[in-house]
Amino acid sequence: MSHSPGQRLSVWCITLVTSLVCSMPLAASPENSSEWKFTVFLNDDSIGYHHFNLDHSGDKARLTTRADFDVTFLKIPLFSYEHENTELWNNRCLERIDSTTNQNGDLYSVNGVRTDSGFRLKNRDGEDTLPACVSTFAYWDMAFLQRKQLLNSQTGEYVEVTTDYLGESDIEIGDIRTPARHFRLTADDMVIDLWYSHNDRWLALETLTSTGSVLRYVTE
């Protein structure tokens, strides 16, 4: 399945997206809150942000995300993207999702809820029933890397994925070189590189767009 350049820019919001730098297991101590803030770069140019907030209570969690990108050339708008998403989780299974996206005026919505018969999903293409325990591209919880299929929170597509561990390397966080574990997630024609600290903290994301530009998430 192919994606337009705009979809490839936005799916890591993902779908991206979604940025969660201090990953804790969902079964952490009660009443925990985590926040992740990323500046998004296209090559060397800042094009916007992607922010995530996660509230824990035992095995349950509530995630809210907001992304806003604008790409211009000589002050001429080339690409705009706004994405808002709320997810409810229970024991690392998605209980509910409600997302809206405006991509260059093209509107998307995804709504889903877990039921006794599976995860009932509705997007602009119609309705579907997925397995009972599904996951989005939940970069904030490294357990998602063990999944074989993931839900795209922008489009509602349920895609097959593979993950490879590429070893350890140092990456720059601010002015500090930080040891990190490097993983590569492949889904359809997307290749997403992810870096995590030794205590499972999500540190960075990088991928190539269909035009060969580098899209990067950098911790604010």
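The values are calculated or read from the model by the stated rules, or taken from the named source; none is laboratory data. Keep in mind it's a predicted model, so treat the numbers as computed, not measured. Counting neighbours? That spans all protein chains shown, and the Cβs are built from the backbone with ideal geometry, glycine included. Quick note on the areas: whole protein, heavy atoms, side chains included, nothing else; ligands and nucleic acids left out. Shrake-Rupley method; radii C 1.70, N 1.55, O 1.52, S 1.80 Å.
The figures follow:
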| quantity | calculated |
| --- | --- |
| Karplus-derived 3J(HN,Hα), 6.51/-1.76/1.60, for each residue of the stretch 133-142, Hz, glycine and proline x | 10, 10, 9, 7, 6, 8, 4, 5, 10, 4 |
| Accessible area in square angstrom per residue, the chain, 1.4 angstrom probe | 48 Å² |
| Percent accessible area from carbon and sulfur atoms, the chain, protein chains only, probe 1.4 Å | 47 percent |
| Low-density loop positions, trypsin sites (Lys or Arg not before Pro), the stretch 122-220 - DSSP coil, at most 10 other Cβ in 10 Å | 148 |
| Extreme residue, positive dipole direction of the stretch 46-181, given options 179, 143, 165 (C-beta unit charges) | 143 |
| Selection of trypsin sites (Lys or Arg not before Pro), the stretch 40-110, meeting DSSP coil and at most 12 other Cβ within 10 Å | 75 |
| Which label in (i) 8, 36, 39, 15, 2, 0; (ii) 8, 34, 34, 18, 5, 1, 0; (iii) 7, 29, 31, 17, 11, 4, 0 gives the computed P(r) over Cα pairs in 10 Å bins from 0, in percent | (i) |
